[in-house]
Every structure is written in C-alpha cells, then in structure tokens.
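**Q** Could you have a look at this structure, given as structure tokens, before my questions?
The values are calculated or read from the model by the stated rules, or taken from the named source; none is laboratory data. Because the structure is predicted, anything quoted here is derived from the model rather than measured. Every residue, glycine as well, gets a Cβ built from its backbone with ideal geometry; the counts of neighbours run over all protein chains shown. These area figures cover heavy atoms from the full protein model, side chains too; ligands, DNA and RNA do not enter into them. Shrake-Rupley method; radii C 1.70, N 1.55, O 1.52, S 1.80 Å.
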Amino acid sequence: MPAAIAFSSRIRPLRIRPLLAALCLGAAVIAGPAPASARGPEGIADVAEKVIDAVVNISTTQTVDAKGSGESKGAAPQLPPGSPFEEFFEDFFKNRRGEKGGGPRKTNSLGSGFIIDPAGVVVTNNHVIADSDEINVILNDGTKIKAELVGVDKKTDLAVLKFKPPAGKTLTAVKFGDSDKLRLGEWVIAIGNPFSLGGTVTAGIVSARNRDINSGPYDSYIQTDAAINRGNSGGPLFNLAGEVIGVNTLIISPSGGSIGIGFAVPSKTVVPVVDQLRQFGELRRGWLGVRIQQVTDEIAESLSIKPARGALVAGVDDKGPAKPAGIEPGDVVVKFDGKDIKEPKDLSRIVADTAVGKTVDVVVIRKGKEETKQVTLGRLDDDAKPQPASAKSQPEADKPVTQKVLGLDLAALSKDLRGRYKIKDSVKGVLVTGVDDGSDAAEKRLSAGDVIVEVAQESVGSAADIKKRVDQLKKDGKKSVLLLVANASGELRFVALSLQ
C-alpha cells in the first residue's frame, strides 16, 4: 500500500520515496500505535523537567476562500483507495474550503515551537504559521498570547515569532547545542504538541546525520526514531544536556502516525537562520553565481579527477560573482573558503552560510590541475524563480544532413533548424536531431533539440569535429567522453558518455 500523507491545514506535501508528511496538526486522526522504544537513560526525566516550560504550542487561524478553487491554500491528501480516513479527509477539506455552507471560513491549525529568549522570542517551522491571519502562542501552563511574525525562511522551513510575556511572569528559555557533535546512537528527546495533546515528551536515538531527503536546497537533516507525529512540527529536539540540537519538521509515515523515522533541521542550520531573521527579518545568503552538478565516476574519469568529488560548474551567471573571478564551466570546485567540497550540496550550504560581501578563496580543478580563485560573494535573491526551458517543437520539415556518433544523429546548426527547435541565436555548437533507443546517450537523457557545445572541454562546430575528438579519445584509451550540452534556451549541463 502506498504511503499516505499526514497533513496540517498548511499542507506541505513532499514526495520523497516514500512520502514525507509535514507535521503541523490540522485535524486529529487516530493513528496506529507507535513502536515501543527502549526506556532510555535516567537523565531523560531531568531534562524534560528542566525544559518543558520553554516548549509552546502554536495556534493559527486562517481565512479560506469559499470557492474552493485551485487557488485555495491547500489540497486534500492523496490517501490509498479504501482507506478508513478517506471519507473523513474528504469531508474535512471540503468544509475548510467553504464548499459546504458557502462564504469564507475560519480554519485553525496547531503546531509546536520553543522559546529561545525570555523576552518572548519563539522558533517554529514556517509551514506551521504559513498564510495565517492570526498566530497565538500557548504556554505550558495554558496561557494564550497573541504573537507577531518576525521573519521566515522557506528554504529551511523556519520561522521566528515574538510575543509579549505576561506581566510578572518569567519565561523559561532554552539554548542551542552543537548538532555537529551528535553521534549515531546518541539519545535525544522530542517535546511538542502531537495531535493537539499538549506538552508531550518522547525519546529515541540519532538514527542518521546529514540526511538529504531532497525536500530543499539545504537538506542536512538529523534522522531520529524518537516518536514525533503531526503537531510536533516546530518543536525542539534536545540532547541529554537539555540543549536544542534540532527542530522537528518531517516524518515518513504510511499511516499518519510515527513509525520511528522523523527528521529535524540541525541546530547548525537553525542558529544562523534565526540570528538573521532576528536581526534583519529576512535571510541574506551568500551567492556565487554558478549552476552546479554532481561529479559522477564517468565525469571524474573524463576530467582526470581521482577520486570523484567536488561540484562541477555547469554554468556561470554573467552578472554573478564567479564570472569576474575567472570561474568557468567545466571547473570542479573542491574547496570553498578552506572547507572541502565533497558534493554539490556541500557547496550550496557553505556558500549560503557565508557572509554577503566576504572575499573567499575557491579551489577548482581545471583540466586536471588545481587553481585558486578569489571571489567576493554577492547576495542570493531568494525570490528568483527559475525560468522554464522553451518547449521543443519538431514540426515536419526536410530531414537535415546528419552524421551518427555515439548513438546521436548530429547536424550543423542552420537558421531553419534553430527555428524548428526554437534555439536561441546565442547557443553555438552541434545540434542533436535524434538519439538511438537503448544507447548511453538515451540513458543520460539527451534528446533531439539539445546542442553539443564542447567535447572533452574543447569547442565544436560540426559533427566532424565531434567524431574527430571521439576517435582520438578512443585511441588514447579513454573510457568516456565529457560533453557540454545546451538546451534551446542556452542552459548548460555536462554529460559523460561511454566510449566502450
């Protein structure tokens, strides 16, 4: 049976294999029993007693348009056919959209958060408070206080709130610990508001660190088997010293309840985000101005890099900081500001965490040799949206003269072919007009309309150029050839094809 999605009224469906569920509670659903866990160390009770008053419930209210159109902020979860919750969710989501009864409706959701400053500063998840008309913080003793939004960061799903403490009341605040010091198997404690039950303490171990679940550009989650459920979103994950080492955010669940696979944003990621949100009300991330991709074993062999590592620069923004620094497509970034880059996500995280305007050393491998470039970082525009590539059009026309190389039908770029495939005038190279089924090129998703710009880091202008380079590489005993490929709009990527 496929995994179902356990949701909040701020629906954040994430299709990871299997599906991930945002944990903020919108409607309580009775889930199956959580797996039994070991009793754990004696210190858990001491930690819980020490920090419980710093953990809060987050209550939000949202007005939903009665039309229930595609613009509605939310969609019903995709449950397996015949699920016992199918009818329940259908009724719930129809009601909250105003599809029954007419007129705008007020909907509520509940999540978790924690106080980091006795002045009334709270950290939670962005999806807990997203699109809310009103946000309230509910203290452990039941006191309900209206809160204001300080700032959010959608890329890490974090938010900071501020509320005025009740007169004469001293708030309990918690401190962040160092998530980098966590060890696999170390005991951790989750406290939150599962299924609207209020301050609930569960314990488990660190199952994995630096977990990439493909939910965002800066994924580096702590995975834990501590029982966390819908409604725990935004709640803290503590170490046995009572320090916050993560913010509980997602679970994998086929039922909506905990099966012992939960994810928390590590404190290493949370702290700088929270600091910037408190200081500026927004994130000011560093920007290098490059598009990067994975260095596969084939690409590494083609570039004479052993072992395969780093981030391959597939494109350089003409207005970005990397361009004047001399970084070029085909360079492999292996070190940034003194930190080793093992894979592309390492570079994305480190650049984002580096101060805007800072000048750093960037070590790249170019044609088998290391070079150091100095780059002054710009500021990432988080609102920038990628532009979709132009749709490829292949109307009937006279078949161009082609040459077959590596399972590819190649032709010179003519005015007629540019118009047929809607290829920009700025794109130079050799056009792919066809790809053999079952070839390595087909497996690497090359297709008609792609343009080969370089072969083994040398520009090509004709199919004959490509054949000549490929033949020479075969004579040299190379196992693969590295192609720089452009799509119709000029976006570049590297593809390594086998020569054997």
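**Q** State which residue is nearest to Glu371 (Cα to Cα) when the search covers only region 326-355 and only residues that are open to solvent by less than 50 Å² (accessible area, probe 1.4 Å), touching a strand residue (DSSP E or B) at 6+ places or on another chain (Cβ under 8 Å) and in a helix (DSSP H, G or I).
**A** Per the stated criteria, the residue is Leu347.
**Q** Conditions first: (1) at negative phi; (2) open to solvent by 30 Å² or more (accessible area, probe 1.4 Å); (3) part of a loop (DSSP other than H, G, I, E, B). Ser233 passes all but one, so which condition is the exception?
**A** Ser233 satisfies all of (1) at negative phi; (2) open to solvent by 30 Å² or more (accessible area, probe 1.4 Å); (3) part of a loop (DSSP other than H, G, I, E, B) except (2).
**Q** Pull up region 456-474, narrow it to residues that are not in a helix (DSSP H, G or I) and not aliphatic (A, V, I, L, M), then point me to the one that is farthest from the chain's Cα centre (by Cα).
**A** Ser462
**Q** Which of (1) loosely packed, with under 15 Cβ neighbours inside 10 Å; (2) over 22 Å from Pro329 (Cβ atoms) is the odd one out, the single condition Thr433 does not satisfy?
**A** Against the list (1) loosely packed, with under 15 Cβ neighbours inside 10 Å; (2) over 22 Å from Pro329 (Cβ atoms), Thr433 comes up short only on (1).
**Q** Hey, can you tell me all the residues within region 247-265 that are surrounded by fewer than 23 Cβ atoms within 10 Å (Cβ to Cβ) and assigned to a strand (DSSP E or B)?
**A** Ile252
**Q** Exactly one condition in (1) small (Gly, Ala, Ser); (2) surrounded by fewer than 17 Cβ atoms within 10 Å (Cβ to Cβ); (3) within 22 Å of Arg211 (Cα to Cα) is false for Gly177; which is it?
**A** (2)
**Q** Output the number of the condition that Ser426 fails; it satisfies all remaining conditions of (1) of a type in the set (Ser, Thr, Tyr); (2) surrounded by fewer than 19 Cβ atoms within 10 Å (Cβ to Cβ); (3) not in a loop (DSSP other than H, G, I, E, B).
**A** Of (1) of a type in the set (Ser, Thr, Tyr); (2) surrounded by fewer than 19 Cβ atoms within 10 Å (Cβ to Cβ); (3) not in a loop (DSSP other than H, G, I, E, B), only one is false for Ser426: (3).
**Q** What tally of residues in region 375-423 results from selecting those that are at pLDDT 85 or above, on the phi < 0 side of the Ramachandran plot and surrounded by 12 or more Cβ atoms within 10 Å (Cβ to Cβ)?
**A** The total comes to 22.
**Q** Considering only residues that are among the hydroxyl-bearing types (Ser, Thr, Tyr) and crowded, with 21+ Cβ neighbours inside 10 Å, which ones fall in region 201-223?
**A** Scanning region 201-223 gives Thr202, Tyr221.
**Q** Shifting gears a bit: Considering only residues of region 120-134 that are aliphatic (A, V, I, L, M) and farther than 18 Å from Gln276 by Cβ, which is least open to solvent (accessible area, probe 1.4 Å)?
**A** Result: Val128.
Here is a yes/no grid of residues against (1) of a type outside the set (A, V, I, L, M); (2) touching a Leu at 6+ places or on another chain (Cβ under 6 Å); (3) open to solvent by 20 Å² or more (accessible area, probe 1.4 Å):
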residue	(1), (2), (3)
Ser447	yes, no, yes
Asp450	yes, no, no
Gln457	yes, no, yes
Val460	no, no, no
Val470	no, no, no
Lys475	yes, no, yes
Val481	no, yes, no
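**Q** Hand me the list of strands (runs of 3 or more DSSP E) wholly inside region 40-159 holding 2 or more residues that are of a type in the set (Lys, Arg) and at pLDDT 85 or above.
**A** Passing ranges, in order: 144-153.
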